[in-house]
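The block underneath contains the structure these notes are about, expressed in structure tokens.
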Amino acid sequence: DQLSSPSCKACPKGFFSSNNDKEKEACGACDAGTYSETKAVICISCPDGYFNDQLNAYSCEECPKGFYSSTNNEEKKACDACLPGTYSDQTKATLAPTCQLCALGAYQHSSGSSSCILCPAGKKLTASGASEDHDSINDCEDCPLFQFSPVEGLSEECYPCVTARVKGSIDCDG
């Protein structure tokens with residue numbers, strides 16, 4: 001084995017020496033998005049759900065909650081963020097569908113989020129379907145006149161009240 005002979009030097013983790021190298025003393029650095037073990041002849045791409053943004057890496061990091069890394073992300077230098085209006089509470093996520101739409105009554109204005117924010121009392125969010133319907137507090141609508149909501153995260157119509165004479169009422173004055 002040429003790599004274990006006295007004239008060859010084993011490359012440390014994060015570096016590699018290909019079998020084609022004439023100078024076995026020269027070790028190449030692994031690029032970001034790849035890693036290597038000791039005595040490596042190639043650098044290995046980070047697996048789906050992992051990334052690394054460093055040169056000379058000997059391991060990859062898990063994509064955090066709110067992010068994912070799939071086979072479409074060939075470089076694996078960073079994880080892709082869930083879009084505003086969506087979230088992911090999983091680490092090592094591998095697909096964009098891992099990012100779930102915020103539930104009715106909730107929104108998320110930031111990308112890369114692990115949870116959604118409940119609409120405040122006096123408001124409702126009943127629209128479903130697209131992340132654009134849940135990506136801003138402005139998607140939370142005021143309860144109309146003669147209706148109120150004392151709860152956060154209302155996902156249905158506000159409660160009727162003949163004495164609620166202000167939009168966005170949080171209690172029934174009657």
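Listed values, structure above:
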read-out	value
When residues of region 58-78 are limited to those that are within 9 Å of the chain's Cα centre (by Cα) and more than 25 Å from Phe16 (Cβ to Cβ), the one modelled with the lowest pLDDT	Tyr68
Residue in region 25-57 that is modelled with the highest pLDDT, counting only those that are open to solvent by less than 30 Å² (accessible area, probe 1.4 Å) and farther than 24 Å from Tyr68 by Cα	Gly28
Selection count, region 109-147, where residues are charged (D, E, K, R) and either more than 23 Å from the chain's Cα centre (by Cα) or farther than 22 Å from Thr98 by Cα (or both)	5
Search result, residues across region 99-111 that are surrounded by fewer than 21 Cβ atoms within 10 Å (Cβ to Cβ) and out of contact with any helix residue (DSSP H, G or I) (no Cβ under 8 Å at 6 or more places or on another chain)	Gln100, Ala103, Leu104, Ser110, Ser111
Subset of region 51-86 [in a strand (DSSP E or B), closer than 25 Å to Ser131 by Cβ and not polar (S, T, N, Q)]	Phe51, Glu62, Phe67, Tyr68, Asp80, Ala81
Sole exception among (1) small (Gly, Ala, Ser); (2) modelled with pLDDT under 95; (3) open to solvent by 60 Å² or more (accessible area, probe 1.4 Å) for Ala81, by number	(3)
Any hit, region 153-160, residues being in a loop (DSSP other than H, G, I, E, B), surrounded by 15 or more Cβ atoms within 10 Å (Cβ to Cβ) and small (Gly, Ala, Ser)	yes
Candidates Ser149, Ser115, Ser131, filtered to the one that is of a type in the set (S, T, N, Q), closer than 25 Å to Ala81 by Cα, buried (at least 17 other Cβ atoms within 10 Å of the Cβ) and touching a residue at least 24 places away in the same chain (Cβ under 8 Å)	Ser131
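The values are calculated or read from the model by the stated rules, or taken from the named source; none is laboratory data. Being a predicted model, the structure only gives us computed values, none of them experimental. Here the Cβ is made from the backbone with ideal geometry for all residues, glycine too, and neighbour counts use every protein chain on show. What goes into the accessible areas is simple: the full protein's heavy atoms, side chains included, and nothing from ligands, DNA or RNA. Shrake-Rupley method; radii C 1.70, N 1.55, O 1.52, S 1.80 Å.
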